[in-house]
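Rule-based calculations on the coordinates, nothing more; no lab input. Small disclaimer: the values here were computed from a predicted structure and weren't measured. Note that we place each Cβ from the backbone using ideal geometry, even for glycine, and neighbour counts take in every protein chain shown.
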Amino acid sequence: MFSIPVFLESFIPLMWAARHTLLVSGLGIALGLVIGALVCIGRLSKSRVLRALAGLWVSYLRGVPMLVQLLVVFFLLPVVGINVPAIVAAVATTAIVASAYISEIWRGAITALPRGQTEAAIAIGMRPRDTWIRVILPQAVALSLPQLVNELILLVKASSLVSVVGIMEITRASQAQAATTFRPLEVYLAAACLYLAINLCLAVLGRYLERRMAI
């Protein structure tokens, strides 16, 4: 029979473990934005070499499961003499994987902008740097915001994969809690509710930002 007390008590250790879920997802998306911007520049570059390298980066990261990439990074770093905590390997993998999708989101938003706006900015004497900062990027960010929020939500859910390298995030904490209470239904349902609450908050934040940045 379903136990409400066990269900409610399960939130205490799971909420404590949620800090690792938010840390991996938050830092992963932040670093992924930076790396993704650089990859996007490569994808839009006039250089064939840069376009080819950026395309290879995106193809590999989107074609290999995140779990496999996490294990590769986790076991590769010690081989090359880099010993870091598991949380660092998890954040690095999350950022690298996110960068592939974010770069395509950026590229899609930039290429969707009318070319006439860039031409008009150049016609009134704006330098290329100012054109990017004051004309292209603000609109590209506004256009790509829904996809970026969706990517963050996907990363929150995908962060459950980092449990395989020993990080005590929500999924691993729920497994440990289920093993000690012998009440897996209540514990995993509590974990599902916690994931849902986090992602609903992100969705609400995304809609708020969309209204504020509406073009």
- Item | Whole-Hz ³J(HN,Hα) from phi, Karplus 6.51 cos²θ - 1.76 cosθ + 1.60, for the range 152-161, glycine and proline x | 5, 4, 5, 5, 4, 5, 6, 5, 4, 5
- Message: When 1/r is averaged over all different Cα pairs and the result inverted, which Kirkwood radius in Å belongs to the range 122-215?
- Response: 16.3
- Item | From phi via Karplus (6.51, -1.76, 1.60), per-residue ³J(HN,Hα) for the range 121-132 in Hz, x at Gly/Pro | 5, 5, 5, 8, x, 6, 6, x, 4, 5, 4, 5
- Taking every other residue with Cβ under 12 Å from the Cβ of A17 and scoring Lys and Arg +1, Asp and Glu -1, one gets +1
- Message: Here are labelled values, (i) 12.3; (ii) 10.6; (iii) 14.9, and one is the computed mean projected area of the Cα convex hull in nm² for what I pasted. Which one?
- Response: (iii)
- Return a whole-number percent for the relative contact order of the range 50-198, with Cα pairs under 8 Å and 6 or more residues apart as the contact set. 22
- Note on the structure: Under the Karplus relation with 6.51, -1.76 and 1.60 and θ = phi - 60°, whole-Hz ³J(HN,Hα) for the range 15-30, x at Gly and Pro, equal 5, 5, 6, 5, 4, 6, 4, 5, 5, 5, 5, x, 5, x, 6, 5
- Task: Would you calculate the separation in nanometres between label points at T181 and A120, each defined as 7 Å from the Cα along the Cα-to-beta-carbon direction?
- Result: 5.8
- Query: How large is the Kirkwood hydrodynamic radius of the range 2-88, in angstrom, based on all distinct alpha carbon pairs?
  - Reply: 16.3
